[in-house]
Amino acid sequence: MAEKFYCKYCGNYASSVRFLTGSNCPRHPDGAGKGKHVLYEGSEKQQYTCSMCGAKATSIRFLVNSRCPRHPDGAGKGFHTPAL
Ligand SMILES: [Zn+2]
Ligand SMILES: [Zn+2]
């Protein structure tokens, strides 16, 4: 079974870290496409929890799809971030 490496901002994945971090991230905090995907360093889970508000989702992609009411930039100013 091939290992998957996920981006913590957008939930996209690739078969290697080099591949993942070699392309632009549509959810980069500096702006869409302003930076590369960043590796999610936690292990693959059945359920992911937002480190800021505790929201849960079954995939990183689902979790980061909605805005976080406890985001450090202000309520709803950014997206959930998966805890490790
Ligand atoms: Zn990404
Ligand atoms: Zn959150």
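Identify, please: which residue in the range 26-42 is surrounded by 15 or more Cβ atoms within 10 Å (Cβ to Cβ) and of a type in the set (Lys, Arg) and is, among those, modelled with the highest pLDDT?
Among those that are surrounded by 15 or more Cβ atoms within 10 Å (Cβ to Cβ) and of a type in the set (Lys, Arg), it is Lys36.
Take the conditions under 13 Å from Cys7 (Cβ atoms) and hydrophobic (A, V, I, L, M, F, W, C) and apply them to Leu63. Does it pass? Spell out the reasoning first.
Numbers: under 13 Å from Cys7 (Cβ atoms): yes; hydrophobic (A, V, I, L, M, F, W, C): yes.
So Leu63 fits the description; yes.
Working only within the range 1-41, note down all residues that are more than 7 Å from ligand 1 (Cβ to nearest atom) and touching a residue at least 60 places away in the same chain (Cβ under 8 Å).
The answer is Lys8, and nothing else.
Name every residue in the range 43-61 that is surrounded by 13 or more Cβ atoms within 10 Å (Cβ to Cβ) and more than 12 Å from ligand 2 (Cβ to nearest atom), in order of residue number.
Hits for the range 43-61 are Glu44, Lys45, Ser59, Ile60, Arg61.
Would you check if Lys45 is touching a Cys at 6+ places or on another chain (Cβ under 9 Å), without any contact (Cβ under 8 Å) to a residue 24 or more places away in the chain, assigned to a loop (DSSP other than H, G, I, E, B) and more than 13 Å from Cys7 (Cβ to Cβ)?
Details: touching a Cys at 6+ places or on another chain (Cβ under 9 Å): no; without any contact (Cβ under 8 Å) to a residue 24 or more places away in the chain: yes; assigned to a loop (DSSP other than H, G, I, E, B): yes; more than 13 Å from Cys7 (Cβ to Cβ): yes.
No, not satisfied.
Which of the residues spanning the range 62-74 are surrounded by fewer than 18 Cβ atoms within 10 Å (Cβ to Cβ), assigned to a loop (DSSP other than H, G, I, E, B) and near ligand 2 (Cβ under 10 Å from one of its atoms)?
Of the residues in the range 62-74, the ones surrounded by fewer than 18 Cβ atoms within 10 Å (Cβ to Cβ) are 62, 65-67, 69-74.
Okay, now just the ones that are also assigned to a loop (DSSP other than H, G, I, E, B), so 65-66, 69-74.
Hits for the range 62-74 are Ser66, Pro69, Arg70, His71.
The values are calculated or read from the model by the stated rules, or taken from the named source; none is laboratory data. Keep in mind that this is a model prediction, so the values were computed, not measured. Cβ: placed from backbone, ideal geometry, glycine included. Neighbour counts: every protein chain shown.
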